[in-house]
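What follows is a set of notes on a single structure, which appears directly below.
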């Protein structure tokens, strides 16, 4: 258990820190993450030994009560805010209330602005359900060389601006395995096999 100050400068403990997650790139160890929808699910996940949580657009405090030391990500949904300043305000609010990273699907410009404020940013590669209109519906990604290269180019662009982590959804396992060896970004595999640094599963699944 690591002693830290959280992002509101309160003394706290965490099972994993940003530093620890980055160190996974040099380790065979795999962590687990899930997204409890309520406090009861969070309690069950703690008892099951899940390592990390992502809360989505939820209140953080009730989850901190049942999992005070778990690394937790928080998020905003794509269309929740219209302006960059609103997103930055939301990220600061969530970090102030106990989040350890902030997930967003917004532009490179928005992500870079968050990163410039020292907010750890997680984004998304592969299948992005919010944008499934553009790819003909929900489906796997990275089945062609063109898609595999697009995924690689996207994650390298994110790496260049300082993105800390990505959710890698429904990507061909061999593609994620190859990409993961060539990036410093922490990969959270959701339906993309066991090659990610963290194996993620939705509680509802």
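Working from Cα pairs under 8 Å separated by at least six residues, relative contact order for the stretch 1-111 is 25 percent. Between the Cα long axis of helix 39-48 and the first principal axis of the chain there is an angle of about 80°, rounded to the nearest 10. To the nearest ten degrees, helix 145-161 and the longest principal axis of the Cα atoms of the chain are 40 degrees apart.
Neighbour counts of other Cβ atoms within 10 Å put 86, 167 in the fewest-to-most order 86, 167. The residues 58, 10, when put in order of fewest to most other Cβ atoms within 10 Å, stand as 10, 58.
Computing Rg and the Kirkwood Rh from the Cα coordinates of the chain gives a ratio, Rg/Rh, of 0.94. Axis of helix 84-96 versus longest Cα principal axis of the chain: the two differ by about 50°, to the nearest ten degrees. If you take the Cα centroid of the stretch 151-169 and the Cα centroid of the stretch 17-92, the two points sit 19 Å apart. Short-range pairs are left out: with C-alpha atoms under 8 Å and at least six residues apart, the relative contact order of the chain is 20 percent.
Looking at the chain, send over the antiparallel percent of its DSSP beta bridges, to the nearest 5. Please report the intermediate quantities before stating the final value.
Numbers: 4 of 31 bridges.
Taking every DSSP beta bridge with both residues in the chain, the antiparallel ones total about 15 percent.
Name the residue, out of 35, 180, 15, whose mean-square fluctuation peaks in a Gaussian network model built on the chain with Cα pairs under 10 Å. Checking each option, the largest mean-square fluctuation is seen for 15.
We did not get these values from a lab; they are worked out from the coordinates using the rules stated. Only a predicted model underlies this, so the values are computations on that prediction, with no experimental measurement involved. So basically every Cβ, Gly included, is an ideal-geometry build from the backbone, and we count neighbours across all protein chains shown.
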